[in-house]
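Just so you know, all these numbers are worked out from the coordinates, no wet-lab data involved. Predicted, not measured: the structure shown is a model, and the values here were computed from it. Heads up, the Cβs are rebuilt from the backbone with ideal geometry, glycines too, and the neighbour counts pull from every protein chain shown.
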Amino acid sequence: MHEWPDMAFMLHLLRTGDTFADIGANVGSYTVLAVAAVGASTLAFELTPKQYAWLQRNLALNHLESRVTACQAAVGAEPATVSFCLDHGPMNRVVAAGWGGRSQPVKVVALDDIPLIAHACCWKLDVEGYEDAVLAGAARTLAEPPPATILCEDRSKPVQQRLSGAGLQPCSYAPWTRTLSPSAAARGGNQLWIRDLAWARERVRTAPVFQVLGQYV
């Protein structure tokens, strides 16, 4: 659990039968946690060929293929074609024309055009600075719940405005005490955004106890 507060929050929030959206899944650590440990279904988006191949291997290793819809696609504001760099590992991202490193043209899809996204109560959004474009392409989905919660790496003002405008508020989570508080000072690598704080607090309070590396949370 390399992003401890954020991943512990997911363990406590999600339930069997929920749907989780892993937008920028990389090799699938969040996806595997949501599906194998909790029993949620997952939509996983990863564009980079190498990371997507490892995502597929990770799902096969854990026998999760039937419970995950994996999409090798870029997500953005609207259907288009953009350049995507290929030589920065987990930091690969959309780049401007004329990028000096390795890149390839990729097609972009908008979340509003993916019907299954409407079932996802929790999103993890980590697309290396392209988060605002992803949210722009999800305006219709954001207008009505779900999602109930979003873990978002980008804390820029445009992203904050989009999320607060959709009725979500920034929060912080303390896993050991299961304390969920309004706060823009995130404990983990992602800022946690919540639409209904009372609902989320009840979820984490009533979640089962999980054993992680010999400790109980």
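Working value for segment 60-187: equivalent-ellipsoid semi-axes of 26, 19, 17 Å, each the square root of 5 times a Cα gyration tensor eigenvalue, largest first. Annotation: for a label point projected 7 angstrom from Cα along Cα→Cβ of Leu116, residues of segment 2-27 with backbone N closer than 18 Å are 15-27. Backbone amide hydrogens, once placed in the peptide plane, bring Phe84 within less than 5 Å of Val95, Gln104, Val106, excluding anything fewer than 5 places away on its chain.
In order along segment 93-101, phi translates into HN-Hα couplings of 7, 5, 10, 6, 4, x, 3, x, x Hz, rounded to whole numbers, per the Karplus curve 6.51 cos²θ - 1.76 cosθ + 1.60 with θ = phi - 60° and x for Gly and Pro. Our summary gives the chain a relative contact order of 19 percent, counting only alpha carbon pairs under 8 angstrom and 6 or more residues apart. Annotation note: trypsin sites (Lys or Arg not before Pro) in segment 55-129 located in DSSP loop regions with a Cβ neighbour count of at most 11 within 10 Å are Arg102.
Extents of the chain, taken as max minus min of Cα coordinates on every principal axis and listed largest first, are 50, 40, 29 Å.
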